[in-house]
Amino acid sequence: MKYYAVIDTNVIVSAVLKQDSVPGKVVRMALEGSIVPILNDVIENEYREVLSRPKFHLSQSIIEDIIFAFRDKGLYVEAGSFEIELPDPKDRVFYEVVMEKRKSEETWLVTGNIRHFPVEPFIVTPREMLDVVLNDGDA
């Protein structure tokens, strides 16, 4: 079974910094195909911008490899504006994309900042996403 998920930037950063972490496992599942990453150009640009911050010490080659992998394995979804107030306005695009994709497929929003989003069963932590996939038995 394939799972569709919008993956928040903080999960990508955690995965890159500690590959054997729960976020690392979620991102690995996305790169191996059991989770289909859902994104758009705005999300891709945020991934690139955040991963390029000097404090992460990532080479441009590594950053581009990550972006290419998400582009290759992911589905791009253009979403319209969704009326919602969130603590961080930059999170809005993640919510808009998940809501757009949910119109056609069950889709999750995976974030380490769960409190930045409304309480919804499809907005999950990396641990919860990992549990969803592993408890299904097809992963």
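The values are calculated or read from the model by the stated rules, or taken from the named source; none is laboratory data. The model shown is predicted, which means the values in this text are computed figures rather than measured ones. Every residue, glycine as well, gets a Cβ built from its backbone with ideal geometry; the counts of neighbours run over all protein chains shown.
Kindly indicate whether residue 83 is over 19 Å from residue 23 (Cβ atoms), at pLDDT below 95 and under 17 Å from the mean Cα position of the chain (by Cα).
No, not satisfied.
Comparison of 44, 64 shows that the only residue that is charged (D, E, K, R), modelled with pLDDT of 95 or more and within 25 Å of residue 118 (Cβ to Cβ) is 44. Checked against the criterion of being of a type outside the set (Gly, Ala, Ser) and under 13 Å from the mean Cα position of the chain (by Cα), the candidates 133, 124 yield just one match: 124.
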